[in-house]
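The values are calculated or read from the model by the stated rules, or taken from the named source; none is laboratory data. As the structure is a computational prediction, the values presented were derived from the model and not from experiment. Positions of Cβ are generated from backbone atoms using ideal geometry, with glycine treated the same way; all protein chains shown enter the neighbour counts.
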């Protein structure tokens with residue numbers, strides 16, 4: 001396959017042009033999508049370009065000049081398969097600009113993770129792997145909000161969607177031969193579901209903290225409340241989360257459990273301006289955690305250095321590594337470290353472990369249950 005050094009594309013900067021483009025591809029079975037955006041001083045990405053294609057002609061939408069139309073919303077949600085690569089941030093763009101998510105969805109990075117031992121292959125590597133072509137990389141970090149875009153930028157953007165179609169055609173055949181199309185459908189449905197559950201994700205942000213075992217339950221409660229607040233506030237104020245309060249800073253506040261502004265100001269990393277603006281809010285969360293009923297507090301997180309924890313973790317990791325090797329995929333695609341740790345914690349707390357569902361459960365659950373039983377003795 002020869003590289004398309006001068007791909008065909010059409011620039012779209014009016015609603016009428018967008019509707020005409022939608023009509024041209026409305027009967028397509030597969031539509032490739034991509035976005036370019038700016039995200040440095042805001043929580044939400046700023047849409048700078050939206051690309052789609054169903055063949056060798058790419059459509060480049062200027063979302064700065066063009067409002068989303070009902071025809072494009074309908075296209076995003078018709079029966080055609082929608083392709084994205086590593087699409088979590090792209091989904092934010094579609095939610096912001098179009099107000100809907102593309103469905104049914106296939107993420108070609110997830111598809112590749114089910115076909116190889118590379119859990120997160122980049123787009124250029126993916127094209128090299130399947131098409132044997134090297135795409136240009138020069139415009140990866142360019143300013144996509146500048147107008148007019150350069151011919152090099154437009155070529156780069158067009159190739160991103162044109163080759164996505166070619167890659168997927170080859171991936172789909174391999175997935176079919178391995179019986180993993182249903183696995184991919186399950187994974188991509190979960191991605192769409194997660195994209196619509198921001199408030200629930202806020203409440204669980206604290207579980208990303210790898211040092212939670214250092215905190216007693218009341219401090220964990222305080223940290224959970226503060227991180228959930230921070231996630232909601234950064235979204236409401238449209239600020240990068242670290243501009244408001246980093247995980248490291250909130251963890252330090254939870255460790256200290258300050259009772260007043262003076263004690264809060266003594267926490268490492270807390271600046272006077274932060275105390276003045278946000279101090280009372282954080283102190284209120286700490287106060288709520290102090291007065292939280294004992295039975296409502298989270299369970300203590302076990303120290304991962306404890307022999308009992310290490311024994312269980314090692315046993316589960318062995319099961320997952322063996323199954324991943326048999327499937328020729330990366331172990332973390334089967335189960336992430338945090339999920340393994342959660343199973344160990346539940347088992348150590350005497351709870352029934354929440355084993356994975358779907359295709360992962362079919363692959364793993366019998367062996368995981370046996371490993372927990374044997375390692376917990």
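Looking at segment 280-377, the helices (runs of 4 or more DSSP H) lying wholly inside it that each contain 2 or more residues that are surrounded by fewer than 18 Cβ atoms within 10 Å (Cβ to Cβ) and without any contact (Cβ under 8 Å) to a residue 40 or more places away in the chain sit at 307-327, 337-348, 358-375.
Residues are listed down the side, and each one gets a yes or a no for (1) modelled with pLDDT under 95; (2) more than 23 Å from residue 113 (Cβ to Cβ); (3) within 29 Å of the chain's Cα centre (by Cα):
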| residue | (1), (2), (3) |
| --- | --- |
| 280 | no, yes, no |
| 288 | no, yes, no |
| 299 | yes, yes, yes |
| 306 | yes, yes, no |
| 365 | no, no, yes |
| 368 | no, no, yes |
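Does residue 149 satisfy the condition of being in contact (Cβ under 8 Å) with a residue 24 or more places away in the chain, surrounded by fewer than 20 Cβ atoms within 10 Å (Cβ to Cβ) and in a loop (DSSP other than H, G, I, E, B)? Criteria not met by residue 149. Part of a helix (DSSP H, G or I), touching a helix residue (DSSP H, G or I) at 6+ places or on another chain (Cβ under 7 Å) and either free of Cβ contacts under 8 Å to residues at least 60 places away in the same chain or crowded, with 16+ Cβ neighbours inside 10 Å (or both): is that true of residue 236 in this structure? No.
The numbered conditions (1) within 19 Å of residue 37 (Cα to Cα); (2) touching a strand residue (DSSP E or B) at 6+ places or on another chain (Cβ under 8 Å) are all true for residue 105 except (1).
Could you please find all residues in segment 269-279 being part of a helix (DSSP H, G or I) and buried (at least 17 other Cβ atoms within 10 Å of the Cβ)?
Taking segment 269-279 and keeping what is part of a helix (DSSP H, G or I), we get 272-279.
Within segment 269-279, 274, 275, 278, 279 qualify.
Every listed requirement among (1) within 16 Å of the chain's Cα centre (by Cα); (2) in the same structural domain as residue 289 (by TED's automatic domain parsing) is met by residue 226 save one, (1). Set side by side, the residues 162, 220 differ, and just one is assigned to a helix (DSSP H, G or I), within 26 Å of residue 299 (Cβ to Cβ) and in contact (Cβ under 8 Å) with a residue 60 or more places away in the chain, which is 220.
Filtering 246, 198 for residues that are surrounded by fewer than 20 Cβ atoms within 10 Å (Cβ to Cβ), under 28 Å from the mean Cα position of the chain (by Cα) and at pLDDT 95 or above leaves a single hit, 246. Residues in segment 1-41 that are in a loop (DSSP other than H, G, I, E, B), within 22 Å of residue 134 (Cα to Cα) and touching a strand residue (DSSP E or B) at 6+ places or on another chain (Cβ under 8 Å): 7 only.
You will find that of 230, 225, the residue that is free of Cβ contacts under 8 Å to residues at least 40 places away in the same chain, part of a helix (DSSP H, G or I), touching a helix residue (DSSP H, G or I) at 6+ places or on another chain (Cβ under 8 Å) and buried (at least 20 other Cβ atoms within 10 Å of the Cβ) is 230 and no other.
The set of residues in segment 68-88 being surrounded by fewer than 22 Cβ atoms within 10 Å (Cβ to Cβ) and closer than 21 Å to residue 154 by Cβ consists of 68 alone.
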